[in-house]
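See below for the structure under consideration.
The values are calculated or read from the model by the stated rules, or taken from the named source; none is laboratory data. Everything numeric in this text was worked out from a predicted model, so none of it was measured. Every residue, glycine among them, receives a Cβ derived from its backbone with ideal geometry; neighbour counts consider all protein chains shown. Note: accessible area is taken over every heavy atom of the protein model, side chains too, but ligands, DNA and RNA are not part of it. Shrake-Rupley method; radii C 1.70, N 1.55, O 1.52, S 1.80 Å.
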There are 2 protein chains.
Amino acid sequence: MQRQTRIVIQNVLPQIDCGSHFIKRVVGQNVTVTANVFPDGHDVIACAVKFKHESDSGWSEVRMTPTGNDEWSADFTIERQGFYSYFVEGWVDYALNWQHGIERKIQDNQQVKSELLEGVEYLDEIYKSADAAEKKLLKTISANFASEKNYTAGVENAVSNELTEIFIKYPQRFLANKSGELRVYADRRKALFSTWYEFFPRSASSKDGKHGTFKDCEKLLPRVAAMGFDTLYFPPIHPIGEVNRKGKNNATHAKAGDVGSPWGIGSKHGGHKSTHPDLGSISDFKSLVKKANSLGIEIAMDYALQAAPDHPYVKDFPQWFRWRPDGTVQYAENPPKKYQDILPIYFESSDWLNLWKELLDVALFWVEECGIRVFRVDNPHTKPFYFWGWLIAEVQKKHPDVLFLAEAFTRPKIMQELAKQGFSQSYTYFTWRNTKKELIEYVEELTKTEQREFYRPNFWPNTPDINPYALQSSNEAVHLQRYFLAATLSSSVGIYGPVYEHMIGEALPGKEEYLNSEKYEFFKWDWDKQNKLITIITKINQVRKEHPSLQQTNNIHFCDVDNDQIIAYYKFDDSLSDETLMILSLDPYYPKQATVRLPVESIGNQPVTVIDLITGSSYLWDKERNYVELHPALPFHLFKIQK
Amino acid sequence: MQRQTRIVIQNVLPQIDCGSHFIKRVVGQNVTVTANVFPDGHDVIACAVKFKHESDSGWSEVRMTPTGNDEWSADFTIERQGFYSYFVEGWVDYALNWQHGIERKIQDNQQVKSELLEGVEYLDEIYKSADAAEKKLLKTISANFASEKNYTAGVENAVSNELTEIFIKYPQRFLANKSGELRVYADRRKALFSTWYEFFPRSASSKDGKHGTFKDCEKLLPRVAAMGFDTLYFPPIHPIGEVNRKGKNNATHAKAGDVGSPWGIGSKHGGHKSTHPDLGSISDFKSLVKKANSLGIEIAMDYALQAAPDHPYVKDFPQWFRWRPDGTVQYAENPPKKYQDILPIYFESSDWLNLWKELLDVALFWVEECGIRVFRVDNPHTKPFYFWGWLIAEVQKKHPDVLFLAEAFTRPKIMQELAKQGFSQSYTYFTWRNTKKELIEYVEELTKTEQREFYRPNFWPNTPDINPYALQSSNEAVHLQRYFLAATLSSSVGIYGPVYEHMIGEALPGKEEYLNSEKYEFFKWDWDKQNKLITIITKINQVRKEHPSLQQTNNIHFCDVDNDQIIAYYKFDDSLSDETLMILSLDPYYPKQATVRLPVESIGNQPVTVIDLITGSSYLWDKERNYVELHPALPFHLFKIQK
């Protein structure tokens, strides 16, 4: 292809899969764009990042600065939700080259008469755009350039900073080149910083043997708010299938009175746009959402795309299920797990466009009818990736506030692809990362690789599906450690309670599953119970709210510690006005000692005061390495660094 | 975008800058294509690399195999010169999934009656494409699947390898997905393996003070062939400008009789399509090219796009030069270097399309008129990158045999970009890499990074422009070492002689420039001189011809050696039928000892005989680490590994 431009622009970052996917930010964050930009030869070039919000008509521009080895960099700030586009433009700056050439000739004691004459051309070009004062200056300089007797003044003009500034202000972009356009999706801040609590609404009643209701849930909202949670996630609130309903402890056949799994969605009472009659009406639910919002809590809906055998879809849209020659539909399976109470949706259906439309309608129903702004999506990895890309984009096009959390615990590339398709947050492997080495490796994978641009982790120590071995001991120190790690390593965190804060650990033998799982029955919890764990969780959540350094995930450096059972990490906010240092012992049984190296590369080599934000104690740390001793009773420090 | 496919295909490699550039191979080499390919959920998938030569109408296919973590791989072999395209196709294999599901249910002691019925659909589909024997088999199996009383036989059929093979042979690519197309350019083998010798044809005469001619050069061809060189590169053979001609040692003003620099191209005798009258006619040159070819030598022309002030272009196409307001053209400069005898071509000219066309005509002239198949391109980095991309493609479209060597010694990204634009080979930083650490780092950068796919290095210990400090001592050991390193690290190598083999090292004080440089005068060399260095160079070149492991560059592993002055590396050919081990002492003054670790990961943990291909000595190496002692008189071993 014949192109006259002399500039090459390469490797524009951030860029995911050659621009097939957008990167993510929240309002207020920066995008640092880097690129390789270079011309043939030795000429002076300039380049800029151009960016615009999807609603802008024109491009804004920020000039890039060189960082060495033909690499350039510039930042721009995200000010609004929605999509931004950005690209890099580069050009040979002929005027600056001319100036640079004159400087070198002057140094080499050469005459530059001919060069000055040439300079007039550049000034004439700029003259057209210049303001009055500049025009006056340009006229004087031009006259000096053109006049042999003003040669000395002309040379002084030619190499003056004044002229450099004018050249930079009015670049002549003759033969400029451009990179392809890339995109960033900007969410509201909550996509990055959120604190989740999950409970089963049917366990909300304070009366024995009584199915909880939305009204009961309303009464629990103050407790959730007091503990410092801002997102309350409910398992599905829809009618539960009556055909093949599961009994307690996942029994294949329900007994009379068994309530079944809320993920077995749909019955004669309705499907994905209905509420379970025992929980209450849509109007009760709307009232709950409203009350929650007034307390600073958002309700996260479960978006679970599957159907009980008696879901209305099965009769109304049989083409959305895969019927076998014998007239049955194979229930959902993930061997050895069997979900006899659930039929998978058949995305290969030839009626897929109507199917997608209906599933979009489901999401929009809860958004538009009930004010839902957060979805937790059940098993998204068993539905097509491109469906999610489309669905999330369609919802956010109308409602940019809506966030989606991907509940996929599967192979790494699949989890990442879901994030690339647009999920605002993702569950992670944190649940199974226990040792110092595992934790550091995993957090560095999330925060130091390309994943930092699109994968927003949400760290959950437990879920109704996962009762990890570490928590099965019901040990208080482990519960303190796991919540502390989740809540300070990641800016989004969640627990399934009250199981967590009541330290209930009984498991099916040898499995990471809860015994008497709440998935198949409801309980009466002591919602008023208080304990030390609750106090500390509350305190940690409060510290998170007050400290911007804990409200993002990528800003982390692990510190050197001379004990494999003690992990330490430093976090900071973008303006470096808030710096915290977390130090945690992974030993739940014995006190541990170590010296921790301060991140002097970041904070400087100076004495600091570290103030424990949990206990209020403070220490003067005037050396690079400082001694700590941690005890299982409170196995961590959450220090603010004060210079 | 709404797409029903369930497969994601990502990160298809090799791929340069998102497919903006092609990768390179020579005929006979493989392309190993890898990609991440995965579906949603847990289904069995299959994928294939599709490839075709530009002259093929249809695609060939090779099935990929999984290598873990959702990564897949397959090779195809380059059989012809020119462009190949390749891409990856992936699909959920529904039939294999069905079989896999049955296997798991059988293991779980479940009934599979319904599944067998379903199987009939897959068989019916395959039936259409199957051959007669397969049709018969499919009929039997279908009957078993459909009949309750043949249930046991049906189950056996369902999980049989026979059926697996049929499913693999006739995949149903329902909802397949495809990656974008990528390209590889296939050169003839010489692009990868070449041995260059450079001399100034005007120094070819055997008579004192006599300007050499093409006829004189013909007489030197047997010597070049005997030394084992297959490519003979001449500095420009065009008329040399008479205006601002350079004198000896780069003097600004030539004296009477000074011959000037051959890179100052063009005079009243003609320009880029003419030969210097003192060298001979076009017809003499054609005869030289023919004679050279008959001895297995190709003549490499210099393609140097610049003009002496009296080049015919300056008058005939003044628009191709940048005229200053005072009516002059600034001569070429690269401060502090000044080329008063050369005017740069103005690629920003508005008449650029005609300029490009003329420059293409120049290249085609030598190819079509004189049979030239190799160009060494002078300073390509001072001309636009996209010009080279276009020029090389246009030449190779008509003459795929033509190769281009980029003589650019400049910043890394610029050198790489020229290679991406299509240069077949590139000069390198080898000339300045002297220590063991520098050599290993540099060779690994060339062979273990993305550069291996597009940057074909040609290692030159010296050039008329570079008399490196190391060679200025005229030390024999250094000359032996540098040629050995160049010729065994890289499959393409070149020297500027007879300066090199005569060990002439006098330099301008403090500079890496030859004193009395042949760039500005001609010499009478003793072309019959013999010495040990010539003998060893000849021997090395002979070994290179006989050993395929030395005929490519990427196939290298450095070996552990317990002495920083000894470097060792193992090379192999693709079939592992030729394995060599190079061991070299970098000390030109004292003997050095070390133990060298054999690359047991590659050659296996077994006793081997190492045969020195230079001296003929052989040694039994029966341990992982083996002792060597190297002396400046012959500071290396070039071992063949015999198992």
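Some notes on this structure:
- All lysines inside 24 Å of B:Lys338 as judged from Cα atoms, apart from same-chain residues fewer than 8 positions distant: A:Lys105, A:Lys113, B:Lys246, B:Lys248, B:Lys255, B:Lys268, B:Lys315, B:Lys383, B:Lys511, B:Lys519
- 5 angstrom amide H check on A:Ile237, placed H, neighbours 5+ away: A:Asp302
- Exercise: per-residue mean of other protein chain Cβ atoms within 10 Å, A:104-117: 2
- Estimated purely from DSSP H runs of n ≥ 4, each contributing -39500 (n - 2.57), the mean residue ellipticity at 222 nm for chain B is -9000 deg cm²/dmol once divided by its residues.
- Computed in the context of the full set of protein chains, the accessible area of the stretch B:162-226 at 1.4 Å probe radius has 55% of its extent on carbon or sulfur.
- Taking θ as phi - 60° and the Karplus parameters 6.51, -1.76 and 1.60, the scalar couplings of the stretch A:191-201 work out to 4, 9, 10, 8, 10, 9, 10, 10, 9, 8, x Hz in sequence order, x denoting glycine and proline.
- Base-10 log of normalised Debye intensity for the stretch A:46-189 (one unit scatterer per alpha-carbon) at q = 0.11, 0.13, 0.14, 0.17 Å⁻¹: -0.54, -0.70, -0.77, -0.97
- Three-way shape call for the stretch A:91-152 based on the alpha-carbon gyration tensor, with the a/c threshold at 1.5: oblate
- Nearby lysines by direct alpha-carbon distance to B:Lys640 (threshold 20 angstrom, same-chain neighbours under 8 apart not counted): B:Lys539, B:Lys545, B:Lys571, B:Lys623
- Using a 7 Å projection from Cα along Cα-to-Cβ, the label point at B:Ile440 is separated from the same position in the remaining copies by 2.5 nm, smallest value first.
- Rotational relation A to B, axis-closest Cβ in chain A, residue and distance rounded to whole Å: A:Cys18, 2
- For the stretch B:288-398, the spread of Cα positions along each principal axis, largest first, Å: 53, 29, 25
- Amide H within-cut-off set for B:Ser618, under 5 Å, with H built and near neighbours excluded: B:Asp612
- For B:Glu89, net neighbour charge (Lys/Arg +1, Asp/Glu -1) across residues whose Cβ lies under 15 Å away: +4
- Long-range amide H partners of B:Ala594 with built H, under 5 Å: B:Val628
- Cα Rg over Rh - the stretch A:523-563, Kirkwood: 1.19
- Every pair of different Cα atoms in the stretch A:270-312 enters the Kirkwood calculation, which places the hydrodynamic radius at 11.9 Å.
- In sequence order, calculated HN-Hα J values of the stretch B:72-81 (Karplus, 6.51, -1.76, 1.60; Hz; x Gly/Pro): 10, 8, 7, 10, 9, 10, 7, 10, 9, 6
- With the gyration tensor restricted to C-alpha atoms of the stretch A:76-122, the semi-axes of the equivalent ellipsoid amount to 41, 11, 8 Å, longest first.
- Cross-link pairs exceeding 29 Å between alpha carbons, from the set A:Lys286/A:Lys357; A:Lys420/B:Lys52; A:Lys357/A:Lys524: A:Lys420/B:Lys52; A:Lys357/A:Lys524.
- Peptide A:3-9 is shielded by partner chain Cβ atoms: per residue, an average of 6 of them sit within 10 Å of its Cβ.
- Evaluating 6.51 cos²θ - 1.76 cosθ + 1.60 at θ = phi - 60° for every residue in the stretch A:497-506, the Karplus couplings come out as x, x, 3, 5, 6, 8, 6, 8, x, 4 Hz, glycine and proline recorded as x.
- The stretch A:248-326: proportion of alpha-carbon pairs further apart than 18 angstrom, %: 56
- For the stretch A:330-378, the residue among A:Asn354, A:Gln330, A:Val374 whose Cα projects farthest onto the positive side of the dipole built from Cβ charges is A:Val374.
- Sorted from shortest to longest, the distances between the A:Asp108 label points of this copy and the other copies are 8.0 nm, with each point 7 Å from Cα along the line through the beta carbon.
- For the pair B:Asp465 and B:Asp562, label points projected 7 Å from Cα toward Cβ lie 4.5 nm apart.
- Paramagnetic label zone (point 7 Å from Cα along Cα-to-C-beta, B:Glu79; backbone N under 13 Å) in the stretch B:38-70: B:51-62
- Label-point distances for B:Ala633 to the equivalent site in the other copies, using a point 7 angstrom along Cα→C-beta, read 8.1 nm when ranked shortest first.
- Two-site FRET efficiency, A:Ala133 against A:Ser474, from Cβ-Cβ distance with R₀ of 60 Å, rounded to 0.05: 0.20
- Scattering curve values for the protein assembly as shown, log₁₀ I(q)/I(0), Debye with Cα scatterers, q = 0.04, 0.06 Å⁻¹: -0.33, -0.71
- Peptide A:469-479 has a mean of 0 when you count, residue by residue, the C-beta atoms of other protein chains within 10 Å of its C-beta.
- The stretch A:326-355 and the stretch A:486-558 have Cα centres separated by 33 Å.
- Semi-axis lengths, largest first, of the ellipsoid equivalent to the stretch B:154-198 are 49, 18, 6 Å, with √(5λ) applied to each eigenvalue of the Cα gyration tensor.
- Chain A, Cα convex hull volume normalised per residue, Å³: 200
- Taken over the C-alpha atoms, the stretch A:508-643 has Rg and Dmax values of 18.1, 57 angstrom.
- Bridge type composition, chain A - antiparallel percent by DSSP, nearest 5: 75
- The stretch B:118-213 - Rg and Dmax from Cα coordinates, angstrom: 32.7, 104
- Summing +1 for each Lys or Arg and -1 for each Asp or Glu among the other residues whose beta-carbon sits under 9 angstrom from that of B:Pro468 gives 0.
- What the Cβ-Cβ distance of A:Asn11 and B:Asn554 gives, at R0 = 25 Å and to the nearest 0.05, is a FRET efficiency of 0.65.
- Cα gyration tensor, the stretch B:453-541 - rounded (a/c under 1.5), prolate or oblate: oblate
- Overall form of the stretch A:169-320 per C-alpha gyration tensor (a/c, 1.5; a/b vs b/c): oblate
- Between A:Ser281 and A:Asp401, the FRET efficiency from the beta-carbon distance, with R0 = 35 Å, is close to 0.90.
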